[in-house]
Amino acid sequence: MQYSFSKLLRKNLLYLAFPVVLVLSVLLLLLQQVARLETFQTGTMEDTAEVKEFFNSGQRNVSVILPGLKSTGFSQMENDKERAEYFYRMEGKEMQLVLLKKSTANEYRRGELEKRPIHVRIVKDEVAARHIEREYANTLGISGESMDGICSVYIFDETEYPLMRIRILRISSISIAILLALLMIYVILATAFPALNHEARVLKRYGNVGRIVRRLDREMEKKLKFHQDNVTVTENYLIVSYISHIDVVQIDDIKYLSKHVEKRKRGLGRPIHVYRLTASNADDLYFEADFFDEETVNDVIYFMRGEPLLEYEEYVQKEREEEENEMAEKLREQEPEAVPAAEAEELNELFEEEQEEEQAEVAEDKTEENKENNSEENTEDNKEAE
C-alpha cells in the first residue's frame with residue numbers, strides 16, 4: 001500500500017469537515033422549516049377589504065399599503081408611557097383600525113407612508129373596537145347603538161408583527177448558508193492543494209509548507225521505515241496523526257528520546273499500561289505520544305535510532321535479555337546473601353567450641369556449688385555431735 005502525507009491531510013480534513021457540514025446542513029434545514037411557519041410568513045395584501053379572509057386563512061402577517069389614515073386620538077399605554085397610536089380609515093361603510101408604533105406614526109404624519117407598504121399583523125380585538133366606538137359616540141353626542149358594528153374587529157397591529165424574530169431567523173439562515181458555502185470552498189481547495197490544509201500549519205517551522213508537504217510525500221513513498229496505525233517513521237521524520245491534528249517531528253532535531261510507562265484507568269475497567277514516548281531537545285522541541293502497545297513504541301524507537309533493519313531481531317533479543325537481567329538482579333537483591341562453604345565450616349566449629357566452653361563453665365559452677373553444700377553439711381553435723 002502506498003502512503004502519502006497529502007492523502008493523510010485529505011483524510012483528516014474529511015474527518016473534521018464532514019460532521020461540521022452535516023451539523024450546518026441540519027441547522028439550515030431546520031431554520032428553513034421554521035421560516036415556513038405562519039408566525040414567520042408574511043403575505044402581501046392588495047385589497048384591505050380582504051382582511052377577514054386573510055385572518056381566517058391563517059395568514060396573519062401582511063405587508064399592506066394603508067392610505068388615508070386619520071388619528072383616533074387614542075393611544076396604547078405601557079408602564080405609563082405611550083407605546084403606540086390608533087389610526088382609522090374607511091373601507092366602504094366600515095371603519096378599519098390601525099395601531100402604529102410611535103416612530104411609524106410620526107413618519108406617517110410627515111407623509112412618508114402614503115404609498116409605502118408597512119408590515120403589520122392582523123389581530124381580532126373586539127374589546128378595543130367597541131371601546132373606540134363608544135368613545136366616538138360620546139364625543140359626537142349620539143347614541144352608541146347608531147355606531148354598533150361600524151368598527152371592524154380585525155385590527156392592523158404593527159406592534160404584534162414579529163419583526164425582530166423574522167430578522168433573527170433570516171440573518172441566522174443567511175449566516176449559516178454563507179458559512180456552509182465557505183466551508184465547502186475551503187474543503188475543495190484544501191483537497192486540491194494540501195498545503196492549504198489547516199493541519200499543515202505545523203510544518204511552518206521547517207520552511208515553506210508546500211515544499212515540506214511534497215518532501216513528506218516523497219519520504220513516505222520512497223523512504224518509509226515503519227508504519228502502523230497512526231504512526232509513521234521515515235528516514236527523516238516521525239509522523240503521528242490524530243483526527244484533530246497531525247504531529248510532525250524532524251528526527252535530526254531530537255536530542256533526547258525516552259519511554260515511560262504509567263498506569264491509566266479507562267472508564268470503569270481495570271487500569272492499563274500506557275507507554276509514553278517523549279522526544280525533545282535543548283531548544284523548543286518537546287513532543288510526546290501515548291501508545292497502548294509496548295511492541296509498537298519499541299519499534300518506533302528502534303527505527304528512529306537508525307539501526308540497520310537486518311539487525312532488528314538481534315535488537316529485540318538484546319532488549320529481552322536486558323529486561324531479564326534487570327529482573328534477575330532485582331530478585332538477587334531481595335534474597336539473603338549466600339555464605340561460602342569454607343566460611344560455613346569455620347563458623348560451625350567456632351559455634352561448637354563456644355558451646356563446649358559454656359558447658360564446661362556450667363559443670364565447674366555445679367562442682368563448686370556441690371563442694372560448698374558438702375562443707376556446710378559437715379559443719380552442721382559437727383555442731384550437732386558436740
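No value in this document is a laboratory result; all are computed from the given coordinates. This one's a predicted model, so the numbers in the text were calculated from it and none came from an experiment. Ideal geometry is used to build each Cβ from the backbone, glycine not excepted, and the neighbour counts take in all protein chains shown.
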Around residue 74, which amide H atoms from residues at least 5 apart in sequence, or from another chain, sit under 5 Å from its own amide H, with H modelled in the peptide plane?
-> 86
Cα shape, segment 77-130, gyration tensor, a/c 1.5 rule = oblate
Residues whose placed amide H lies under 5 Å from that of residue 91, excluding near-sequence neighbours | 96
Could you give me the ³J(HN,Hα) list for segment 102-114, computed from phi with Karplus coefficients 6.51, -1.76, 1.60 and θ = phi - 60°, whole Hz, x at Gly and Pro?
-> 4, 5, 5, 4, 5, 5, 5, 5, 7, x, 8, 10, 4
Count charges around residue 280 for me, please; just the other residues with Cβ under 12 Å from its Cβ, Lys/Arg as +1, Asp/Glu as -1.
-> -3
In segment 46-119, the GluC sites (Glu not before Pro) that fall in loop regions by DSSP, at most 13 other Cβ within 10 Å | 46, 112, 114
Taking Rh as the Kirkwood radius, which is the inverse of the mean 1/r over Cα pairs, what is the Rg/Rh value for segment 145-262?
-> 1.50
Given pairs 52/115; 225/330; 225/255; 102/124; 223/259 and cut-off 29 Å on Cα-Cα distance, the over-length ones are 225/330
